[in-house]
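Reviewing the structure listed below.
Taken together, the values in this text are just the output of simple stated rules run on the coordinates, not laboratory data. Only a predicted model underlies this, so the values are computations on that prediction, with no experimental measurement involved. With ideal geometry, Cβ positions are generated from the backbone for all residues, glycine too; neighbour counts draw on all protein chains shown.
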Amino acid sequence: MTKTSEFAATEAQVGVIMGSRNDWDTMSAAAEILDQLGIPNEKLVVSAHRTPSRMVNYATSAAGRGLKVIIAGAGGAAHLPGMVASETNLPVIGVPVQSRALQGLDSLLSIVQMPGGIPVATMSIGPSGAKNAGILAARILALSDIALAKRLDEFVAKQTAAVLESAEL
Ligand code: RP5
């Protein structure tokens, strides 16, 4: 009997996954920027430690389902981005979530210190890292999507203008 995947085909281009619902406060910054740039995305809790089979199913089915980039956020012993990257060849962007005990330094080091051969593009700790993960995903997708490249140019131009408007104190 063929095992049916728990994950169906999707219109989403980017998967935003996180180790716990408690990571959403941070990871929502990635989803927000993707929405702002008109990039279809899905948001799911997938835990490397608490739901390891789900994590493997998610990663191994991701490319076939239509996803192009995965953003994975986790805190503490943050193994999710690296383990997902070991089960797919899609680009994986890792976001270190700020942990209570060690303020996210543990998450950062867990995500960034990958062995040669399995890359994870590691962002900074917290919401800025999540926001940049969304923008990096957009830059990757914009390489083969002219309309998105234009929206990204407009986003950057607006950001520059906003800074210049408030530059004089
Ligand atoms: C990790 O453990 C999650 O990514 C989360 O940041 C951390 C703590 O999880 P909770 O105990 O808050 O669910 O797997």
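Structure data summary
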item	result
Share of Cα-Cα pairs in the chain lying beyond 28 Å, as whole percent	22
Gain on full stretching of the segment that runs from residue 35 to residue 103 - 0.36 nm per residue minus C-alpha separation	21.7 nm
Relative compactness, region 1-56, computed as alpha-carbon Rg over 2.2 N^0.38 Å	1.28
Cα gyration tensor, region 9-106 - rounded (a/c under 1.5), prolate or oblate	oblate
Region 27-159, relative contact order [Cα under 8 Å, separation at least 6], %	25
Neighbour cut-off at most 10 other Cβ (10 Å), DSSP loop, GluC sites (Glu not before Pro), region 1-105	6, 11
R0 of 25 Å, Cβ-Cβ distance residue 144-residue 45: FRET efficiency to nearest 0.05	0.30
Theoretical ellipticity at 222 nm over the chain - DSSP helices of four or more residues, -39500 (n - 2.57) apiece, nearest 500	-14500 deg cm²/dmol
Estimated FRET transfer efficiency when R0 is 41 angstrom, pair residue 158-residue 53 (beta carbons, to 0.05)	0.45
Radius 15 Å from Cβ of residue 24, net charge of other residues (Lys, Arg +1; Asp, Glu -1)	-2
Cα-based reach from residue 43 at 20 Å (exclusive), listing aspartates and glutamates while leaving out same-chain residues under 8 positions away	6, 11, 23, 25, 32, 35, 87
Positive-end extreme of charge dipole, the chain - chosen from 149, 64, 160 (charges on Cβ)	64
For residue 124, distant residues with modelled amide H under 5 Å away	129
Residue 86 paired with residue 169, simple spin-label distance in nm, labels 7 Å along Cα-to-beta-carbon	4.8
Computed magnitude of the charge dipole of region 1-85 (debye, nearest 20; Cβ of K, R +1, Cβ of D, E -1)	340
